[in-house]
Every structure is written in structure tokens, then in C-alpha cells.
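The values are calculated or read from the model by the stated rules, or taken from the named source; none is laboratory data. Since the structure is predicted, the reported quantities are computational estimates derived from the model, not experimental observations. Counting neighbours? That spans all protein chains shown, and the Cβs are built from the backbone with ideal geometry, glycine included. For the accessible areas, the whole protein counts, side chains as well, though only heavy atoms, and no ligand, DNA or RNA atoms are used. Shrake-Rupley method; radii C 1.70, N 1.55, O 1.52, S 1.80 Å.
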Amino acid sequence: MRNSARLLFALAFAIPATLASQAPTSAPASSPATQFDFSIRNIMRGPELYGTPPTDVNWSADSRWIYFNWVAPGSSWRTPPATYRVRAVDGARPEKLTLAQRDSAGPYAAHAVVSADRHYGAIEYGGDIYLMDYRTHNLRRLTHTPARESNPILSSDSKRMYFVRDGNAFSIDLASGLTTQLTDLRTGTAPKDTTAPTTPQRKRLAQQQRDLFNVVRDQIADDSIAKAERNRVDSLRNPETVYVGSDRSIQSLTVAPDGRGVLVMLRTPAKSRPVEIPYWVTESGYTEPRKGRTVVGDGQTRVEMTYLSLPSAKLTRLHLFANDSLASFVVVNGWNANGTDVLFSAFRPDNKQRVRYTLSSTDTTLHAVETLDDTAWVGGPCSACAGWYDGGRRVWYVSEATGYAHLYTAAAHGGDVHQLTAGKWEVRDVALSPDGSTFDLITNDPSPFDEHLFSLPVTGGTLTRITTTPGRHAAVVSPDRKLVADVYSYVNRPPDLYLMPNRANATEHQLTVSPTAEFLSQKWFAPPIVMVPASDGARVPAHLYRPEDFGVKPNGAAVIFVHGAGYLHNVGNFWSEYPREYLFNILLARHGYVVMDADYRASEGYGRDWRTAIYRHMGGRDLQDEVDVSRYITATYGIPAKRIGIYGGSYGGFMTLMALFTAPDYFGAGAALRSVTDWAHYNNGYTSAILNLPQNDTLAYRQSSPIYFAEGLRAPLLMAHGMVDTNVNYEDIVRLTQRLIELGKTDWELASYPVESHGFLRPDSWTDEYTRIFKLFERTIAQPSTSTVH
């Protein structure tokens, strides 16, 4: 740690200690501060070069410390994140927690479930339960067992701690330490009496014995009395056993703080066939197959919500949807301050409805607070975000009801709905202040290219913007409301942790330095955002990299990068989720290419209509946006389509294939990485939302899957795929390869990576892959040159 501290001190000069009110600027990339090794091998070192950002930022209960997970700058790519803390004062330096400090659970106090009187917090850490006293800031360990304890919550009177162990609910008396089991839930069915006669002949003999002999009748009576007494004593000592059935398992329990019942989530297992993934390079020397995910349309796990009343042990099923279907998943948002009502969000299996319910601990009446229907699919940012306020009399939630994700409130049992935010922007995250008076919001108001911290009274009114510097602010307000811990990034500045007072226009002070000195020695380019006219009249935002920005003569070619995931935000004033591609795009521009990457339709950050524009046709409107980018390049820079390349990974790889197969007039070469080639072979959660089920909507799958359009390939194609990809399985690219062979296509190649999954890990794999991409473009679309790559 002493070495790390010295390194941080040495790097302090590289980035200003404070953030000004204006965004960082980038000097012309043609005049680097020092000689930087701009080879593919160097930039593909990834986090070894630009660092790993702080994550999971939270505060200590007394607001004196900030805890986070981090990898010190200059660490190997194999180094896992460790837990750090830093004092919440300007100039403080991070310190790595010792094992004893981590085991104290103190770093996790911010994740505590707070008692109704706000004096205590219930914490789960390392499979054990802790109690935080906020008045003294003392931490008390309540369990220390091999079994995992979870879901801790304090009773309404703060005298007991409820928790879950081995699929059942327990309580701990905080005064005596006595642990009591509250439920006895078991899978399967109740055992049958094996002593009773079962055949007609044996039943007749038993009846004859009872008719003939007093001694038999007396024994039966004595046994009955003894059994009743045993049951009476057992009922006083142990909870009644409840069997949930042989076709269901217990997924989670949430105990009502008033102790009157338990919300029980049951899981109906999927009857499906998982994919098998061969692992090729193993310690044993043998190929080792492992079970993977299931595919869309196959049997899927479903969730059944029930309520177990205490002490009666009556289990009641909750009917969530009109057609009585089970849920695809349910998020329990928590109990109100009095511990009498629970709020949860249920999602229908067809993805077209979400209902937020409240349920009282005294009965099983469901109250629908909000029902959101979508003809495409329910989604958007903060889709499951909801909570209580106003002493449990009202709830808040985020909804896309107006087409953009905004904050709403409603009465606890529904009705009296108020929309607190509005506009063509999105609420990205919500937190309620400890005193219940203020919402802390992360939004992209007023621009989709920035994310800022705002505060808003729970009664509504004017939003107060706290952060001001353009970029992305992932900010967390301290428990005492005086400070803000902010993981901030700009488009050419990787994320780091900053500290600022919790007031508008305050100065931010930097607490961590994640990139290496080598990275910070370069004045990195900040690509401008241009708005590309789309064929339907929309304007598609895109980053632009020009050779002139680097003092380089254009080579007469261009490259379009397509981000992955579909629903992801890549164009903005923030550090990209594709940092290697950001560096590679700069490398391409330095070699004379015009480079653009667009937030095509389906990208995140632009509202519901942008998000769902691909419903039932992936590779439709989203691909047309990339065609429009190609047209824009031709119109603006005079570069013909045959000299415009395209590349991307995952969804970006899928889009590359669709571009070359279905729009060959606009692209001259492409590199498709870890690509979906047939959506009928992808997972259920993602695919069924957008394309429905393959057995029910064959047209959607056919028009969205590249494998059906492979005959359209005319331009050179590079395909690259990890052979142990657990997300987009390797068989996807194998099936397409066979299709290309049968079609007689020849201008393609496949690079396989035996030890890589979906997101590559090894720098040598990244280097090999991107060297092949660069050589593809140099060979096919660039003017003859003397460019070399290492």
C-alpha cells in the first residue's frame, strides 16, 4: 500500500485535483505531450493502460469514509478488484482495506436496511448478519455460521432482527440473543402415513380387529391422544411445516417487520435443455463440456408469489396478472416504515406488462399502484426502481408512461398519482434522503450526452442541479447530506472518484487516479458529436474522428464502429463503455481513416420510442441508421461506399453481418466479432422481449437473423469469436460458417479464440483480433500506403 500511495502521489500532477465548471478539452492529437506507443499491442492492454474505475461506491454511516472497489493503477489485467476506503476530505489518499477491516462489515453500512426509528441498520455481509447502531456507530455481529444468512430486516419495534437461512425465516431477540425459527417451508409434498393399511384386504382385517377387541380400540385411542399432545407441544416449540410442492422451489423470503407474515417467492424450474459448451484448453488435457444457458422459447423459470401468514402458517397464492400467469421475475422493493405493507414490481412473461403492487401483512389483498402496458416491451432505465416515503403512506416509482422514464408518486394503495419530473429526458437513478424529504436523481437533463446529480423535494417543484461539469456523474450523497462522492468521467478522461460539497456549482476534488502515468502523458482526443440526418427524418447522434484532427492526410477511406448490446449508450461526453474501441478509433484516424460511431435506434438514453424502434425487426431501423451514417460520410467527405468499412462486437457484430448481407451497396468490408447469427439460438430474457417467441413469431426471427441473408455477402468479411463464449455461443458462428461454405462464398475468414468467452480477457487475444481488423481495412478499403501496425 505504501508503494501504491507513492504512485498516486507521483500521478497527482497528471490530472487536475479539481474539476472546473467547463468540460476538459483535448489538445490537438497531432502534438502529444510525450512519445506514446500507439501500437495495437499497447492500446489493447486495456485496463493495464487506462485503469479500472472505482465501483460500488458507498458511505460509512458517520459520513467520514467513502468505500469502493478498485484496482490500483498499473496492475495486471489479472488483478481482481479490492475494497478501498478514503477519508471524505480534500487531499485524502485511498487505502486498501485489510482482511479484518473488510470482515467488520463497516464498508457495507450504506447498504443496511434501516429500522423504522432510524436508530439501527440491518446488514448482510459474507453470509452473516450484523446490526449497526447509528447513534453510536457501533457494529454488532449477530451470526457467525457456515450457513448463509440473508435478507435481514428489523422488527417494527427494533427489538428483533428477522433474517433468512436455508430457505426459512428466523428471528433474533436483540436483548437476549435468542434465535427462533419462524417458518418450516419444505419442497415436495407431505409424507403419507405408511402404517395405515392400503389394500382392501388389509383394511378389512384392521376393521375386524377394531370390531372384536377392546384392547385394540383402547390402543388406538391412546395413540390418538398421544399424537395430539405431541402436535400441541411441537406447535409451541416449532413452526408448522408447510410443503410448497414437488414442482416448485423456494427462491426468496421477505419477513414483514411487524412479524405477521412472510412474502414467499417460489420458483417453477424450467423444463429445458441447456447448451453444452466444450472447454478446449484445460488443465487435464481433455476437452471438458460444461452446461451453458438455455435458448429462447425453450422452457423458462417462472416466479410464483405467495404470502405465508403467521402464526397460522397459511400459504396463499397471489394472483398477479389477469390471465393468472406466473411472473417472469419480481423485484421486492421493500416494506414501509411501519412494517405493515410491502411494495414489489412484477413483470409478465410476455414482457408487455409491469405491475407495481402493495400488499398488507394482515391480509392478502393486492393493491395495484401502477400498471404499465407496452405494445413492444416494458423496459427503460430504472424499470424496477420503486420505494416508500411519507411514513409509508405513499410510494415513488419510475415509469416510461409518457415515453420517457420519469419519477412518479402515488398513494400506498393506488390512486392520487403525481408526476414529479417531465421532459424529453430520462431519470436514470433515484435515491431517497434518510430524512425522507428529498429525492436525489441522476438524469440526462438537459442533454442525452451528459448525466448529472439533481435534488428534488418529495413534494415536487424545481429540480436543483448539483453537478455542473459536462460528462457522466455517478454520484452518491453522504448520509449527513453534506457531501457527494462522485465517480466522474469525460469522453477523453476515464472515471475516477471525486468529492464535493452537496450544493450547486461546488468544486469537485479528485480522490483517485486510475489511469497509468503512461496514459496520462497523452492529451487524448475528445471526439465531437455530430447529428446525422436519418432517412425517416430523425437525427442520429454520432462521434466523429477525422484524420485532420491528428495532423494526418486522409487515406480516402472510412470506418463505422457499431456498439454492442443494442440498448447501450455510447455517444456522449463520458468515457465509453468501449474504451479499447475508442483508442482503436483514434489509431484508425491517425492512419488516415474517417471514423464514426453512432447511437443507432435501440440505443439507451433517448426514450421509449428510440428504445423500441427495433421491435420484431432487429437489423431493420437500427441498421438503416448505420446506412444513413454511410451516406453521410459519402456526402460529407466524398468517400465512396466501397471504401467504407464497418465493425463491432456482439450486437455490433450482428449489425455488421446484417450490413454486409442486406445492405452491401453501402459497405466495402466488415469485421463481425462475437456475433449473434440466428436469434432463435440466443437467450430468452433479451430476445423474447424484442422478437417475441420463435415458435409464435417466425417472421420476426427470420427477418432479424443474418444466417437467412448470407447469400447477400459481396464484401470481404472477418469473423472473430471466442470458443468458450457463454453468452453468444460459438456454435452461432459455426452454423453461419457452414452456411457460407454451402453458398460457395469465399471472401471471408474466421478467427477463433480457444480460451476466450464473450468479453475477451487476455491482452494477446485482443491484440490478435484488432490486428486482424486493422489489416482487413488496410487490405480492402484503404488507398495503398506504407502504414504498418505492431
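For the range 456-490, what are the residues that are crowded, with 20+ Cβ neighbours inside 10 Å, among the polar types (S, T, N, Q) and part of a strand (DSSP E or B)?
S489, the sole residue that qualifies.
Among the residues of the range 349-361, write down those that are surrounded by fewer than 21 Cβ atoms within 10 Å (Cβ to Cβ) and either of a type in the set (K, R) or assigned to a loop (DSSP other than H, G, I, E, B) (or both).
P349, D350, N351, K352 - these are the residues of the range 349-361 that are surrounded by fewer than 21 Cβ atoms within 10 Å (Cβ to Cβ) and either of a type in the set (K, R) or assigned to a loop (DSSP other than H, G, I, E, B) (or both).
Inspect all residues belonging to the range 136-157 and state whether any of them is open to solvent by 40 Å² or more (accessible area, probe 1.4 Å), outside any helix (DSSP H, G or I), within 29 Å of D486 (Cβ to Cβ) and among the charged types (D, E, K, R).
no
Test each condition in (1) at pLDDT below 90; (2) polar (S, T, N, Q); (3) not in a helix (DSSP H, G or I) for T180 and report the one that comes out false.
Every listed condition holds for T180 apart from (1).
Looking only at residues that are assigned to a helix (DSSP H, G or I) and either in contact with a His (Cβ under 7 Å, 6 or more places away or on another chain) or among the acidic types (D, E) (or both) in the range 609-651, which one is nearest to T677 (Cα to Cα)? Show your work before the answer.
As a first pass, look at the range 609-651 and keep what is assigned to a helix (DSSP H, G or I): 609-611, 621-637, 641-643, 651.
Applying the additional criterion that residues be either in contact with a His (Cβ under 7 Å, 6 or more places away or on another chain) or among the acidic types (D, E) (or both) yields 609, 622, 625-626, 628.
Values: D609: 25, D622: 16, D625: 20, E626: 18, D628: 23 Å.
So, considering only residues that are assigned to a helix (DSSP H, G or I) and either in contact with a His (Cβ under 7 Å, 6 or more places away or on another chain) or among the acidic types (D, E) (or both), the one nearest to T677 (Cα to Cα) is D622.
Kindly indicate whether any position in the range 82-94 is surrounded by fewer than 19 Cβ atoms within 10 Å (Cβ to Cβ), hydrophobic (A, V, I, L, M, F, W, C) and in contact with a Leu (Cβ under 7 Å, 6 or more places away or on another chain). Reasoning before the result, please.
The first filter runs over the range 82-94 and keeps only residues surrounded by fewer than 19 Cβ atoms within 10 Å (Cβ to Cβ), leaving 82-83, 87, 89-93.
When the remaining residues are screened for being hydrophobic (A, V, I, L, M, F, W, C), the result is 82, 89, 92.
Going one step further and asking which of them are in contact with a Leu (Cβ under 7 Å, 6 or more places away or on another chain), we end up with 92.
There is at least one residue in the range 82-94 that is surrounded by fewer than 19 Cβ atoms within 10 Å (Cβ to Cβ), hydrophobic (A, V, I, L, M, F, W, C) and in contact with a Leu (Cβ under 7 Å, 6 or more places away or on another chain).
Kindly list, by first and then second residue, each pair from a residue in the range 338-350 that is free of Cβ contacts under 8 Å to residues at least 12 places away in the same chain to a residue that is charged (D, E, K, R), limited to pairs with Cβ atoms under 7 Å and residues at least 6 apart or on different chains.
Filtered contacts from the range 338-350: no entries.
Six or more apart or on different chains, Cβ atoms under 9 Å: show the pairs whose first residue is in the range 567-579 and closer than 16 Å to W524 by Cβ and in contact (Cβ under 8 Å) with a residue 40 or more places away in the chain and whose second is assigned to a loop (DSSP other than H, G, I, E, B) and among the acidic types (D, E).
So the pair list comes out as G572/D450; G572/D599; N573/D450; F574/D450.
Which pairs turn up if I take residues in the range 734-755 that are under 17 Å from E769 (Cβ atoms) and touching a residue at least 12 places away in the same chain (Cβ under 8 Å) and look for partners that are assigned to a loop (DSSP other than H, G, I, E, B) and open to solvent by 60 Å² or more (accessible area, probe 1.4 Å) with beta carbon separation below 9 Å, at least 6 apart in sequence or on another chain?
Y753/R762; P754/W280; P754/V281; V755/W280; V755/V281; V755/L761; V755/R762
Among the residues of the range 281-298, write down those that are β-branched (V, I, T) and either farther than 30 Å from Q695 by Cβ or open to solvent by 70 Å² or more (accessible area, probe 1.4 Å) (or both). So that I can check it myself, show each step before the final result.
So the first thing to find is which residues in the range 281-298 are β-branched (V, I, T), and the list is 281-282, 287, 294-296.
Across the range 281-298, the qualifying residues are V281, T282, T287.
To keep it simple, each residue is scored yes or no on (1) in contact (Cβ under 8 Å) with a residue 12 or more places away in the chain; (2) of a type in the set (K, R); (3) closer than 21 Å to R260 by Cα.
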residue	(1), (2), (3)
W77	yes, no, no
R85	yes, yes, no
R102	yes, yes, no
V113	yes, no, yes
T143	yes, no, no
P152	yes, no, yes
R160	yes, yes, yes
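Going through the range 577-601 one residue at a time, which ones are surrounded by fewer than 24 Cβ atoms within 10 Å (Cβ to Cβ) and farther than 14 Å from Y545 by Cα?
E577, Y578, P579, R580
How many of the residues in the range 729-779 are open to solvent by 50 Å² or more (accessible area, probe 1.4 Å), assigned to a helix (DSSP H, G or I) and farther than 23 Å from A558 by Cβ?
9
Looking only at the range 77-96, count every residue that is of a type outside the set (G, A, S) and not in a strand (DSSP E or B) and tell me the total.
Within the range 77-96, the first condition is being of a type outside the set (G, A, S), and the residues that meet it are 77-81, 83-87, 89-90, 93-96.
Now drop any that are not not in a strand (DSSP E or B), which leaves 77-81, 89-90, 93-94.
The total comes to 9.
Out of all the residues in the range 327-346, is one or more under 18 Å from N692 (Cα atoms), open to solvent by less than 10 Å² (accessible area, probe 1.4 Å) and modelled with pLDDT of 95 or more? Spell out how you get there, then give the answer.
Taking the range 327-346 as the starting set, the residues that turn out to be under 18 Å from N692 (Cα atoms) are 327-329.
Still in the running and open to solvent by less than 10 Å² (accessible area, probe 1.4 Å): 327.
From the residues that got through so far, the ones that are modelled with pLDDT of 95 or more too are none.
No, the range 327-346 has no match at all.
Within the range 544-558, is there a residue that is touching a helix residue (DSSP H, G or I) at 6+ places or on another chain (Cβ under 7 Å), open to solvent by 30 Å² or more (accessible area, probe 1.4 Å), at pLDDT 95 or above and closer than 21 Å to M531 by Cα?
There is at least one residue in the range 544-558 that is touching a helix residue (DSSP H, G or I) at 6+ places or on another chain (Cβ under 7 Å), open to solvent by 30 Å² or more (accessible area, probe 1.4 Å), at pLDDT 95 or above and closer than 21 Å to M531 by Cα.
I need every pair where a residue in the range 182-199 that is farther than 27 Å from R160 by Cα has its Cβ under 7 Å from the Cβ of a residue that is open to solvent by 60 Å² or more (accessible area, probe 1.4 Å), sequence separation at least 6 or different chains.
If the second residue must be open to solvent by 60 Å² or more (accessible area, probe 1.4 Å), the pairs left are T187/S246; G188/Y243; G188/S246; T189/Y243; T189/S246; A190/Y243; P197/K203.
More than 26 Å from K482 (Cα to Cα) and buried (at least 19 other Cβ atoms within 10 Å of the Cβ) - does that describe any residue in the range 430-448?
Step one: list which residues in the range 430-448 are more than 26 Å from K482 (Cα to Cα), which gives 447-448.
With buried (at least 19 other Cβ atoms within 10 Å of the Cβ) added as a condition, the list becomes 448.
Yes, some residue in the range 430-448 is more than 26 Å from K482 (Cα to Cα) and buried (at least 19 other Cβ atoms within 10 Å of the Cβ).
Go through P274, P257, P278 for me and flag whichever is more than 26 Å from W396 (Cβ to Cβ), in a loop (DSSP other than H, G, I, E, B), in contact with a strand residue (DSSP E or B) (Cβ under 8 Å, 6 or more places away or on another chain) and open to solvent by less than 60 Å² (accessible area, probe 1.4 Å).
Details: P257 fails: more than 26 Å from W396 (Cβ to Cβ); P278 fails: in a loop (DSSP other than H, G, I, E, B).
After ruling out the rest, the residue left standing is P274.
So W396 clears everything in (1) open to solvent by less than 10 Å² (accessible area, probe 1.4 Å); (2) within 24 Å of L453 (Cβ to Cβ); (3) not in a loop (DSSP other than H, G, I, E, B) except one condition, right? Which one?
Going through the list (1) open to solvent by less than 10 Å² (accessible area, probe 1.4 Å); (2) within 24 Å of L453 (Cβ to Cβ); (3) not in a loop (DSSP other than H, G, I, E, B), W396 breaks only (1).
Given the options F163, F170, name the one that is modelled with pLDDT of 95 or more and either out of contact with any Phe, Trp or Tyr (no Cβ under 8 Å at 6 or more places or on another chain) or open to solvent by less than 10 Å² (accessible area, probe 1.4 Å) (or both). Write out each step before concluding.
Working: F170 fails: either out of contact with any Phe, Trp or Tyr (no Cβ under 8 Å at 6 or more places or on another chain) or open to solvent by less than 10 Å² (accessible area, probe 1.4 Å) (or both).
Of F163, F170, the one residue that is modelled with pLDDT of 95 or more and either out of contact with any Phe, Trp or Tyr (no Cβ under 8 Å at 6 or more places or on another chain) or open to solvent by less than 10 Å² (accessible area, probe 1.4 Å) (or both) is F163.
Looking only at residues in the range 44-81 that are basic (K, R) and out of contact with any strand residue (DSSP E or B) (no Cβ under 9 Å at 6 or more places or on another chain), which one is most open to solvent (accessible area, probe 1.4 Å)? Quick ask: steps written out before the conclusion?
First pass over the range 44-81, keeping only residues basic (K, R): 45, 64, 78.
Now restrict to residues that are out of contact with any strand residue (DSSP E or B) (no Cβ under 9 Å at 6 or more places or on another chain): 45, 78.
Working: R45: 60, R78: 163 Å².
Only one residue tops the list, namely R78.
Being hydrophobic (A, V, I, L, M, F, W, C), surrounded by fewer than 15 Cβ atoms within 10 Å (Cβ to Cβ) and not in a loop (DSSP other than H, G, I, E, B) is the requirement here; does A122 meet it? Can you show your working first?
Numbers: hydrophobic (A, V, I, L, M, F, W, C): yes; surrounded by fewer than 15 Cβ atoms within 10 Å (Cβ to Cβ): no; not in a loop (DSSP other than H, G, I, E, B): yes.
Considered against the rule, which asks whether it is hydrophobic (A, V, I, L, M, F, W, C), surrounded by fewer than 15 Cβ atoms within 10 Å (Cβ to Cβ) and not in a loop (DSSP other than H, G, I, E, B), A122 comes out as no.
Filter the range 624-641 down to the residues that are within 30 Å of D697 (Cα to Cα) and surrounded by fewer than 24 Cβ atoms within 10 Å (Cβ to Cβ) and list them by number. First the steps, then the outcome.
Within the range 624-641, the first condition is being within 30 Å of D697 (Cα to Cα), and the residues that meet it are 624-628.
Those that are within 30 Å of D697 (Cα to Cα) and surrounded by fewer than 24 Cβ atoms within 10 Å (Cβ to Cβ): Q624, V627, D628.
Would you please name the residue that is modelled with the highest pLDDT, looking only at residues in the range 23-37 that are within 25 Å of P763 (Cα to Cα) and either open to solvent by less than 30 Å² (accessible area, probe 1.4 Å) or part of a helix (DSSP H, G or I) (or both)? Step through it out loud before you land on a result.
Here is the first cut: in the range 23-37, the residues within 25 Å of P763 (Cα to Cα) are 29, 32, 34-37.
Next, only the ones that are either open to solvent by less than 30 Å² (accessible area, probe 1.4 Å) or part of a helix (DSSP H, G or I) (or both) stay: 29, 36.
Values: A29: 46, F36: 91.
Here the residue is F36.
Which of the numbered conditions does V789 fail, given that it passes all the others? Conditions: (1) buried (at least 21 other Cβ atoms within 10 Å of the Cβ); (2) at pLDDT below 95.
(1)
Got a sec? Which of I250, I220 is out of contact with any strand residue (DSSP E or B) (no Cβ under 9 Å at 6 or more places or on another chain) and either β-branched (V, I, T) or open to solvent by 100 Å² or more (accessible area, probe 1.4 Å) (or both)?
Details: I250 fails: out of contact with any strand residue (DSSP E or B) (no Cβ under 9 Å at 6 or more places or on another chain).
The conditions single out I220.
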